[in-house]
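Single-structure report; data block below.
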Amino acid sequence: MDLKYFLEDLFNRKVDLVTIDALRPQLKDDILQEVIYQSILIKEK
């Protein structure tokens with residue numbers, strides 16, 4: 001859950017974290033069409 005909260009703070013919005021295999025087959029295609037992939041660079045201190 002730490003990753004979820006970290007990402008929500010970083011993007012200032014709610015996020016859902018699931019594996020693709022965890023998606024219900026009936027919803028999988030619709031969900032994957034709405035996915036927004038992000039890449040982030042975090043500088044180490």
Exercise for the section: Run the quick spin-label model on Ile40 and Lys14: label points 7 Å from Cα toward the beta carbon, then report their separation in nm to one decimal. Expected result: 1.8
Handout entry: Histogram of C-alpha separations across the chain, 5 Å bin width, %
Key = 5, 16, 25, 22, 18, 9, 4, 2, 1
Fill in the blank from the handout: Around Leu27 (Cβ within 15 Å, Cβ-to-Cβ, excluding Leu27; K/R +1, D/E -1) the net charge comes to -3
Exercise for the section: For helix 25-34, report the angle its Cα long axis makes with the longest principal axis of the Cα atoms of the chain; keep it between 0 and 90° and round to the nearest 10°. Expected result: 50
Problem - Highest-first arrangement of 32-43, 7-18, where packing means the average Cβ count within 10 Å - result: 7-18, 32-43
Problem - the chain: angle of helix 2-11 to the longest principal axis, Cα-based, in degrees nearest 10 - result: 80
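Values quoted throughout were computed directly from the atomic coordinates according to the rules given, and no laboratory measurement underlies them. Note that the structure is a prediction, hence the values are computed from the model and not measured. A quick note on method: Cβ atoms are made from the backbone with ideal geometry, for glycine too, and the neighbour counts reach across all protein chains shown.
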